[in-house]
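Before we start, here is the structure in question, set down as structure tokens.
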Amino acid sequence: MRGSGKLARVLGHSSMLGIAVSLGFASATVMAQEAEVASSDNAVNTITVTARRREESLQEVPVAISAFSAETLEQRQISQTADLEQITPNLQFKTAGQLSGNTASTVVFIRGVGQLDPTAAVDPGVGIYIDEVYVGRAVGGAIDFGDIAGVEVLRGPQGTLFGRNTIGGAILVRTKEPEIGEFGAKGRFRVGDDNWFEGFAALNIPLGDTAAARVSGGFKSRDGYVIRAYDGLDLGNDNGFTVNGALLWEPSATFKLNLRGDYSKRDENGAPFVFAGINENAPVAAIVSVAAGCPGATIPFAPIAPGDPRFGAPNVPLIDDARCANDFQDKGPFVNGGTADVLSTSEVFGFSGTAELEISDALSLKSITAYRSTESRGIRDADNTPFVMITTDVGAESDQFSQELQLQFDAGTVSGILGAYYFTEDTSERATVPLAFPPSPPVIGSLLAGGPGSRDLQVSELETESVAIFGEVSVEPTDGLELTGGLRYTNDDKTFSGTVLNLFPADQPDPDPLPMTAIPDGGPLFIYPGPHKASFDALTGSASIRYNWSSDFSTYASYAKSFKSGGFNTRYNAPPPGFLPVPFDEEQVESYEIGAKLDLGEFRASAAAFIANYDNIQLIFRQGVVPLLFNAGEARIQGLEFEAAYHSYSGLMFDVALSTLDDEIKSITEVPG
């Protein structure tokens, strides 16, 4: 069985083509608006980006990047990070990660590289940054665009410019900075179909001649689009709010301090999963079918014995009978057949302080100190049927601290950045899974008598500590030519302590205190509780060459290599070999790219072609009912990307984005078991 969240296919002998087109004229919106200066036309102006941690024209950056201002996002009705996939080539951004059941748990891929498992044991493959602060958890990546300044999506491995290295790409979200000497306010309120209500307001407050504050907040609610047949509950609904605050202090022309805080909370009914299919020969499906009295269903597990018509290989007949766990349980694309209690909640907040000091005309220092906290819980009826085959209840609390120092220099023909980064994260995660398994006589006997099955319980403590130094230098030996090179050294230390056991019957409470002894020592735990430690380190880098053929047209070629560290699997339904957690190793991406950019004022276009070698791919395989992460092999991914925009002085706007993605499996690593 499996839930369908319409996740993009990551690997396989296939190609993908995505096209996004928007065509429109400028229109007026009724809202209270803060005073601001706007140009008298709608033509495309020079786009300034910070992809290389300094302000420069999009035309000058030898990186495949999609940049969107707040005005562009509003015009194209992009209201959250998940919407970015509609307008960005080779970006797949899905909420409601299938293994979490939480509608705020993000699964993000760029150019086929990302993170399929949104649990705390796995690092994101695409880095999401809020005002230059890395978001370490998948739940924190679902961001509503309220008081936004702009968004940039960088495609390909990153690391020589950013505090936390990522192998797929990076999404940079910038909120609006307080404006000194200006008082302003703006707001909006919208209503729509499916009981959609959305509101937002922002206030800018000057505090003398050297400081200003800015506060904003928003809310959104909407009915879900998947309905449960059992109780009419709407899944996939929106119900949340956000609050943001910022304080800017600029006592001199050479120093400024920006303090920021954000808080968001969501309380929703659950992820919008629907039935996709059942393996009628799977033991769990056969067990619940026999227990429900499905005619012709068979299992080979005691206390059912040979001679009993219910005895035989696991099988569920493909007949239209509500007692049978088969594909007749399909209720359509917008109806969920589950009956278990479900929910999706999240609470995220963070604080950061960014200090910038201009030491000289050519040298500046920046410090970014940040703390973020995430608390979430998602319960999903994973089989999407009335049977108790597998229900997941995953809750987590995570705290992260990061400190980044950047020394930036710009001496005309030579510029660059030297940085140091420290990141630590502590996560407590509890996952419990009621299910009709294992096929032991007590469990089977209870199910046949209409009683409960068993319940897996996994309580994990995970810690990540990362230290890195990075740098990049750009040289312009002649007019129009730029050569850039960068290096990064990263050391990641991972620690896992786990209490993993099976409880029967399933309706008993969690043990208090939790047991600490593994099965070989007479206890109930599937693995030794630990702590278990692993360390990963890598030297990675990047290089590029860019040439401006004219003020309107440039081309570039680039190389980048990055890695994502490994860790430990935390989910088990039976003891693994040696009663030790199954580790997974780091994965690496090595990317080669060529590109071109054209800027003619009203018309702008960019194109890129790339090939990426993806090694030691971290993929999920099921061993029985348990999803485990393994290093699956090697692949080569290649593709093309094209973006164009025509914004005329008369107000006509035309935007197009096109991408292709093709992969080839080069080798497959045998998975144990």
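Scattering from the C-alpha atoms of the range 493-545 alone, worked out with Debye: what is log10 I(q)/I(0) at q = 0.26, 0.27 1/Å?
Each listed q corresponds, in turn, to -1.04, -1.07.
Multiply the residue gap between Thr210 and Asp361 by 0.36 nm, knock off their C-alpha separation, and tell me the result in nm, one decimal place.
Contour length minus Cα-Cα distance gives 52.2 nm.
If the cut-off is 20 Å between C-alpha atoms, which aspartates and glutamates fall inside it for Lys331, apart from same-chain ones fewer than 8 positions away?
Once the sequence-local aspartates and glutamates are set aside, what remains near Lys331 is Asp223, Asp231, Asp234, Glu280, Asp320, Asp321, Asp341, Asp381, Asp383.
What FRET efficiency do you get for Lys331 and Ser650 if R0 is 35 Å and r is their Cβ-Cβ distance, rounded to the nearest 0.05?
0.10
For labels at Asp231 and Leu539 in the simple 7 Å Cα→Cβ model, what's the distance in nm?
So the two model labels end up 5.8 nm from each other.
Separate question: In nm, to one decimal, how far is the modelled label at Phe183 from the one at Asp479, with both set 7 Å along Cα→Cβ?
Here the answer is 5.1 nm between the modelled labels.
Excluding ligands and nucleic acids, what accessible area in Å² is computed for Val243 using a 1.4 Å probe, to the nearest 10?
Here the residue's solvent-accessible area equals roughly 70 Å².
A further question on this structure: If you take all C-alpha pairs in the chain, what percent of them are over 43 Å apart?
27 percent
Right, here's the next one. Calculate the spin-label point distance for Asp426 paired with Glu397, positioning each point 7 Å from the Cα along the beta-carbon direction, and give it in nanometres.
1.0 nm
Once the Cβ-Cβ distance between Ala557 and Phe351 is put in as r, and R0 is 30 Å, what FRET efficiency do you end up with, to the nearest 0.05?
Rounded to the nearest 0.05, the efficiency is 0.15.
A further question on this structure: Based on alpha-carbon positions alone, could you give the equivalent ellipsoid semi-axes of the range 356-432 from the gyration tensor, as √(5λ), descending, whole Å?
48, 14, 8
Return the carbon/sulfur percentage of the accessible area of the chain, one whole number, probe 1.4 Å, all protein chains in place.
Ligands and nucleic acids excluded, carbon and sulfur give 58 percent.
Express in nm, to one decimal, how much length is gained between Asp193 and Leu514 on full extension, taking 0.36 nm for each residue of separation and deducting their alpha carbon distance.
Taking 0.36 nm per residue and subtracting the Cα distance, the gain is 110.8 nm.
Based on alpha-carbon atoms only, what is the radius of gyration of the range 464-557 relative to the globular estimate 2.2 N^0.38 Å?
Against the empirical 2.2 N^0.38 Å value, I get 2.15 for the range 464-557.
Relative to a virtual label point 7 Å from the Cα of Glu602 in the Cα→beta-carbon direction, which members of the range 647-673 show backbone nitrogen distances below 12 Å?
Correct set: 647-654.
Shifting gears a bit: Roughly how many Å² of Ile180 are accessible to a 1.4 Å probe, to the nearest 10?
Answer for Ile180: close to 60 Å² accessible.
Could you let me know the centre-to-centre spacing of the range 407-432 and the range 276-340, using Cα atoms, in angstrom?
Each part reduced to its Cα centre gives a spacing of 52 Å.
With bins 5 Å wide starting at 0, give me the P(r) of the range 621-673 over every alpha carbon pair, in whole percents.
Histogramming the range 621-673 at 5 Å steps yields 5, 13, 13, 11, 11, 10, 9, 8, 7, 6, 5, 3, 1 percent.
Given C-alpha coordinates of the range 134-188, what is the ratio Rg to Rh with the Kirkwood estimate of Rh?
The Rg/Rh ratio comes out at 1.07.
Something else about it: So what are the radius of gyration and Dmax for the Cα set of the range 527-605, in Å?
Final numbers for Rg and Dmax: 22.7, 65 Å.
Please compute the length gained on full extension between Leu580 and Leu405, using 0.36 nm multiplied by the number of residues separating them and subtracting their Cα-Cα distance.
The span from Leu580 to Leu405 would gain 59.2 nm if fully extended.
The values are calculated or read from the model by the stated rules, or taken from the named source; none is laboratory data. Computed from a predicted structure; not experimentally measured. Counting neighbours? That spans all protein chains shown, and the Cβs are built from the backbone with ideal geometry, glycine included. Side chains included, ligands, DNA and RNA excluded: accessible areas come from the protein's heavy atoms. Shrake-Rupley method; radii C 1.70, N 1.55, O 1.52, S 1.80 Å.
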